[in-house]
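One structure below.
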Amino acid sequence: MKKVTNTTDQLDDLITEFIDGSGVLVIPQAFSADQIAQARQIIMEESDTNAETATHFQGAAADGIVLQRRVWNLLNKGPVFSEMVQHPDVVAITSALLGSVFKLGSIAANRLLPGGPGQEPHIDYPYWDFHKRDEFPARMNSSYPLNLQATILLDDFTPENGATAYLPGSQADLMYPVDSETFLKTCSRMTGKAGDCVIFNGMVHHCAMPNQSDSDRTAVLIEYLPKFVIQLEDQINGVNPEIISNASPLLRQLIGVDYKFPELLEQSTPGNTEGRNAQTTA
């Protein structure tokens with residue numbers, strides 16, 4: 001993984017790395033020890049209380065214990081998560097890649113307990129059912145991304161505890177992974193220290209690996225999307241109203257409360273449309 005050392009000076013190179021390079025970058029120690037401790041404590045408590053909350057890759061259960069646990073809708077769980085989605089370097093990189101008015105598709109956590117299984121290789125929303133190719137537009141390709149993922153390490157990620165595996169450069173072909181055996185033979189790992197932030201193109205083939213250690217492997221998973229892509233988690237209806245009312249302009253943008261579409265245009269008044277070509281004449 002290429003390390004990000006100076007976001008302002010590196011933006012063009014970073015975008016090239018996301019699209020034409022490995023597809024994966026890391027910001028070392030992006031978050032403080034206090035932020036990591038706060039987030040981890042909340043996620044541990046939430047995942048102990050609601051162990052069977054839906055996850056798209058449900059971990060196997062041993063003696064009734066769910067070994068892979070997901071915590072959704074983290075903006076409602078504590079102010080530290082609002083801080084995390086607004087990290088200045090992550091925002092600068094995402095803005096350069098997805099456009100300045102990007103949105104938050106999801107902020108969740110994945111806790112992989114000792115003995116927890118890995119996942120099958122996959123690509124992330126809105127591509128995660130790309131194996132149903134007929135449901136997507138013709139000639140859709142990887143020339144521009146519709147997703148940027150940020151994984152915040154709350155524990156050290158090691159090969160033993162299931163550090164995420166990924167196939168460098170696999171974003172270039174925009175296809176759903178079909179050969180798990182080849183993937184496992186050629187993949188790299190997203191190893192790092194608690195506090196690191198790994199950012200990657202959602203088209204990169206990746207998966208959690210089995211946790212063969214005696215401790216948890218936990219992370220915050222943030223998904224950013226262009227403004228016109230439907231969010232995975234319903235931020236507008238899911239985030240508490242008091243959080244929205246006190247949100248910064250950036251957080252309001254991420255939640256999507258100021259994005260005007262979809263709109264009931266027959267109820268619009270003349271002169272109330274935006275853009276040079278807001279009204280069609282066909």
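Bear in mind that the values in this text are calculations on the coordinates, not laboratory data. As the structure is a prediction and not an experimental result, all values here were calculated from the model. Here the Cβ is made from the backbone with ideal geometry for all residues, glycine too, and neighbour counts use every protein chain on show.
Summary table
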| quantity | calculated |
| --- | --- |
| Length released on extending from residue 95 to residue 214, taking residue separation times 0.36 nm less the Cα-Cα span | 39.0 nm |
| Spread of Cα-to-Cα distances over 5 Å intervals beginning at zero, given as percent, for segment 117-233 | 2, 11, 21, 23, 20, 13, 6, 3, 1, 0 |
| Additional length obtainable on full extension of the chain from residue 139 to residue 13, 0.36 nm per residue less Cα span | 42.7 nm |
| Cα-projected label distance for residue 20 with residue 173, points at 7 Å along beta-carbon direction, nm | 2.1 |
| Cβ-defined net charge surrounding residue 25, 12 Å radius [Lys, Arg +1; Asp, Glu -1] | -2 |
| Total formal charge among the other residues, if their Cβ is under 15 angstrom from that of residue 183, Lys/Arg +1 and Asp/Glu -1 | -2 |
| 21 Å Cα-Cα threshold exceeded, pairs from 77/227; 103/132; 3/227; 77/103; 3/77 | 77/227; 103/132; 3/227; 3/77 |
| Built amide H within the under 5 Å cut-off of residue 103, gap 5+ | 225, 227 |
| Beta bridges by DSSP in the chain, antiparallel share as percent, to the nearest 5 | 95 |
| Contour excess over end-to-end distance, with Cα ends at residue 228 and residue 181 and 0.36 nm allotted per residue | 13.4 nm |
| For segment 54-207, alpha-carbon Rg over 2.2 N^0.38 Å | 1.08 |
| Which of 207, 115, 254, positive extreme of dipole for the chain (C-beta unit charges) | 254 |
| The chain - charge dipole about Cα centre, Lys and Arg +1 at Cβ, Asp and Glu -1, debye rounded to 20 | 340 |
| Proximal charge balance of residue 34 [Cβ under 14 Å; K/R count +1, D/E count -1] | 0 |
| Helical segments meeting 20 Å axial Cα length and Kyte-Doolittle -1.0 threshold in the chain (DSSP H) | 33-49 |
| Range in the chain, longest, excluding exposed trypsin sites (Lys or Arg not before Pro) [loop by DSSP; at most 14 other beta-carbon atoms within 10 Å] | 1-131 |
| Under the Karplus curve 6.51 cos²θ - 1.76 cosθ + 1.60, θ = phi - 60°, whole-Hz ³J(HN,Hα) for segment 188-200, x wherever Gly or Pro sits | 9, 10, 8, 8, x, 9, 3, x, 5, 10, 9, 10, 8 |
| Histogram of C-alpha separations across segment 88-179, 5 Å bin width, % | 2, 10, 18, 20, 21, 17, 9, 3, 0 |
